[in-house]
Every structure is written in C-alpha cells, then in structure tokens.
Amino acid sequence: MKLSDLDVIVTAPPAPGWGGRYWILVKVTTDTGITGWGECYASSVGPEAMTHVIRDVFGRHMAGENPENIELMFRRAYSSGFTQRPDLTVMGAFSGLEIACWDILGKDRDRPVHALLGGRMNDRIRAYTYLYPLPHHRMSEFWISPEMNAEAAADCVARGYTAVKFDPAGPYTIRGGHMPAMSDITRSVAFCRAIREAVGDRADLLFGTHGQFNTGGAIRLGQALEPYSPLWYEEPTPPDNIEDMARVARNVRIPVATGERMTTKSEFAAVLRAGAAEILQPALGRAGGIWEMKKVAAMAEAFNAQMAPHLYAGPVEWAANIHLAASIPNILMCETIETEFHDRLIRGAIRVEDGHITPPSAPGLGIEVDEALARAHPFTGDGLHLQMQEAPCDYAKGNAFQGGAPAPDPEA
C-alpha cells in the first residue's frame, strides 16, 4: 500500500464562524483505494499559498511511501531544506497529512486509530468549551459582559460541561507582550467573580490569554485572578519567551498552560525543562501530528504534566485530538466546539454528551467527512485563519478585542 493521490479542500464555516475563518482539509488516497482525512491547522500564510505548501510536502516527502512509515516521513519533512528544526508552516502541512495516514491505517486494519497507539486508556474524555453568546445575547456586548458570560457558563454547566474557558483580558497585538490596562485587569476579575458565582464548584474556570502580556503584566493579572482558583492560566506571555513564562509560573498560584502555537517535541520539551507550564495544549494539525504528540505526552508524563489538546479549527482535527486523548494516561481534557456545521461535516460521528466525549470505535478516525458539504462552503475571503490587531493596547478608552476571527453581530 502506497500513498498516491492528494486533494486539498479549504472550507469556510458559516456564521457565526466559531473555529476560525477557514479550515484546510486534506484527502489522501492510496493505490489500494483507501481514503484518509486530515486537517492542517496552519495560518501563517494564506490558504492558497498553504495549499501549495501541502502539495509540496506531500509530493516531496510522502507520495509513493507506505503510510505505515510515519516516523520516516516525519524525519524527511523535519529535515527538509537542511533544517532539522521546527517550521510552523511545513509542520502544519505535514501534520494534516500525517493525520490522514493514521485514518488510512485504521481503515486498512479495521481498527480505530487509538487502538494503533497503544490501545484505549480512557473510555470517556472530559470536554471543555469556550463561552459563546446565547441566542438572546448581543454579540458586540457579550465579549465585555461578565453577566452575559456568567449566564453562558451556567448554560454550559446545565448541559454537562465541567470546565469553561473565557478570554476578557484585552487585545492580542502584533507588538508582542504588553502591560495590561488596569481596566483589563478589573474586567478579568469581574468575569472570574461572576462566572464563579454562577457555576460554584460545578465547573473549573479556564482563563484564556494568547501570549499578549509581558512578564510583569502577566504576573499582575494572574495574581489578581488567584482568589477565583482558575484551573489554568493560558499562554500568559508570547510562546517563544519560555524563561519568562517560567517566571510567571513561579509567581502565580494558577497552573500555566501553553502549546497551541508550538510545534514538534523540541519546542514542548523546552517548556517542560524550564518548568514554564504543567498543562500542554498542542493543536494536532500544527504540532507535528498524532505520533509526534504521543511522544510529547510521554515526555509530559515524566514531568508530571498533563495534556489538553487545543481546538480552534474543524472537526477532523478534533477527531485526531480525541484518539490521542483516548490513548494516553495524562489527558486532562479536550477542547471542543459545538456548531451545526462542525457536526454536519462529520455526519454526527462524534459528539459531546454530558460534558464528555466517547472515543469512536469505527475504523480510522471514526468519522465520515461530508465532502460535498465542505466543497459547498469555499473560503472566499482574504483574511488569515486568525489575525492579531495592529493597534496597541488602549489605556484610556479600554479594550474590547473579540479574538482573531470575530463573528459578525447580526444586530449591528
């Protein structure tokens, strides 16, 4: 059996668009007629350019190869161009293709992917979700309203979730880490207070940031949040500043989580060695794929750290996250996004029930991708999957940043 054909589909989730502006799906077929699906979570170049990168990585390192030889294909891509160092774009391309290889192998052997990774360790996987507006919430007001977020959190808990994430702490800018405005700290505290009052001890609070603070600012904010006992403080400083993130971890009594922008074992190993985080959040469509993150999970286990795979993408990457989570002992939880489009794209094959996910037992990833639906929603925009703002933090008028791919307000 050899890898023979590749198709790339860039699909745009319809409004409200949770999961980013587009998802890059790859369909890989073998000479024996088996098809595997993967998803490339890579957004540092536009989807048209990324499609060429994916085709180049496939043609250069994978076409004609047995899909079993994942380690060999990884080393080819990792060493590409005399590099042997993490490359966000190349690894993003390889990751989605690698996921497709596991889907092929599982289908060929009539076994779910997790059975090929050492077997099922976990019969149920704890899920968490971002807080999203309820139908009666005004979109533009939701992101700065502790009361609306508390209401959304209570709704999540009523549906069985035991952990909710929110990110009220101000803008992610191209300028790197900044000192938070005092108003941003005040709002963040108000969010934690309101949500904690709404959910009590029925759910953990996951405080999201995206590397937007300098070290001193991250420490100030984190210490202000300590009374509400969040389960994690996510990526408080830019991801390359590992020693600075370690300083935050030493000075804030909230576990630090990081990893959505990291790739390959070498970057995650540096985090573990520095003591910068004890919760790792790889995005499997970017970080090197399932096998590479299985290695990271083993390293994390040796450091008494846990895994919480990240998801701000489509359901194919989610499926890969779930199979990894099913196979490792140190899984904490998996991020999930519940939209009609996510569900329809994999024909309802995987769902959150009572706040948990049951790993699929069907062969491969255990999903059936609705290819016609994916093609019926082509991406026609010119933005990247996620984007940072250029304007700096506003210390006078306050900040109301809605994330890297804000949804349109239907009432605006």
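Restricted to the range 268-295, and to residues there that are more than 20 Å from S43 (Cα to Cα), of a type outside the set (D, E, K, R) and in a loop (DSSP other than H, G, I, E, B), the residue that is farthest from the chain's Cα centre (by Cα) is G275.
Residue count for the range 200-225 under the criterion of being crowded, with 21+ Cβ neighbours inside 10 Å, out of contact with any Asp or Glu (no Cβ under 6 Å at 6 or more places or on another chain) and either at positive phi or hydrophobic (A, V, I, L, M, F, W, C) (or both): the result is 8. Residue check: P230 meets all listed conditions (1) closer than 18 Å to P168 by Cβ; (2) touching an Asp or Glu at 6+ places or on another chain (Cβ under 6 Å); (3) assigned to a loop (DSSP other than H, G, I, E, B) but one, namely (2).
Here's the yes/no breakdown for (1) crowded, with 17+ Cβ neighbours inside 10 Å; (2) closer than 24 Å to A313 by Cβ; (3) in contact (Cβ under 8 Å) with a residue 24 or more places away in the chain:
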{"residue": "R111", "(1), (2), (3)": "no, no, yes"}
{"residue": "G119", "(1), (2), (3)": "no, no, yes"}
{"residue": "L131", "(1), (2), (3)": "yes, yes, yes"}
{"residue": "L134", "(1), (2), (3)": "no, yes, no"}
{"residue": "P146", "(1), (2), (3)": "yes, no, yes"}
{"residue": "D155", "(1), (2), (3)": "no, yes, no"}
{"residue": "T162", "(1), (2), (3)": "yes, yes, yes"}
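In the range 305-398, counting only helices (runs of 4 or more DSSP H) that sit wholly within it, the ones holding 2 or more residues that are buried (at least 19 other Cβ atoms within 10 Å of the Cβ) and under 16 Å from the mean Cα position of the chain (by Cα) span 315-327.
Among the residues making up the range 359-384, those that are in contact with a strand residue (DSSP E or B) (Cβ under 8 Å, 6 or more places away or on another chain), within 30 Å of S327 (Cα to Cα) and not hydrophobic (A, V, I, L, M, F, W, C) are P359, P360, S361, P363, G364, G366, E371.
Screening A198, A152, A100 for residues that are over 30 Å from M293 (Cα atoms), under 23 Å from the mean Cα position of the chain (by Cα), assigned to a helix (DSSP H, G or I) and not charged (D, E, K, R) leaves exactly one candidate, A152. When every residue of the range 244-256 is checked against the conditions, none turns out to be at pLDDT 95 or above, in contact with a strand residue (DSSP E or B) (Cβ under 8 Å, 6 or more places away or on another chain) and over 25 Å from D204 (Cβ atoms).
Scanning the range 69-97 for residues that are more than 18 Å from the chain's Cα centre (by Cα) and of a type in the set (D, E, K, R) yields E71, R75, R76, R85.
Within the range 103-147, the set of residues being assigned to a loop (DSSP other than H, G, I, E, B) and of a type in the set (K, R) comprises R111, R120, R124, R138.
Within the range 399-412, if we keep just the residues that are within 20 Å of the chain's Cα centre (by Cα) and either not in a loop (DSSP other than H, G, I, E, B) or not hydrophobic (A, V, I, L, M, F, W, C) (or both), the residue that is farthest from P238 (Cα to Cα) turns out to be P406. Restricted to strands (runs of 3 or more DSSP E) entirely inside the range 1-47, those with at least 3 residues that are within 30 Å of P406 (Cα to Cα) and aliphatic (A, V, I, L, M) are 3-11, 23-30. Residues that are of a type outside the set (S, T, N, Q) and either assigned to a strand (DSSP E or B) or touching a helix residue (DSSP H, G or I) at 6+ places or on another chain (Cβ under 6 Å) (or both) within the range 205-227 comprise L205, L206, F207, G208, F213, A218, I219, L221, A224, L225, listed in sequence order. Taken as a whole, the structure leaves G364 outside the set of residues that are modelled with pLDDT of 95 or more and out of contact with any Pro (no Cβ under 8 Å at 6 or more places or on another chain). Evaluating G59 against the criteria (1) farther than 24 Å from R261 by Cβ; (2) among the small types (G, A, S); (3) outside any helix (DSSP H, G or I) leaves one unmet condition, (3). Of all residues in the range 183-220, those satisfying the criterion of being touching a Cys at 6+ places or on another chain (Cβ under 9 Å) and of a type outside the set (G, A, S) are D184, V199, L205, F207, Q212. The number of residues in the range 385-412 that are among the aromatic types (F, W, Y) and in contact with a strand residue (DSSP E or B) (Cβ under 7 Å, 6 or more places away or on another chain) comes to 1. The single condition among (1) buried (at least 16 other Cβ atoms within 10 Å of the Cβ); (2) closer than 25 Å to P406 by Cβ that A93 does not satisfy is (2).
The values are calculated or read from the model by the stated rules, or taken from the named source; none is laboratory data. All values derive from a computational prediction rather than experimental measurement. Glycine also receives a Cβ, built like all others from the backbone with ideal geometry; neighbour counts cover every protein chain displayed.
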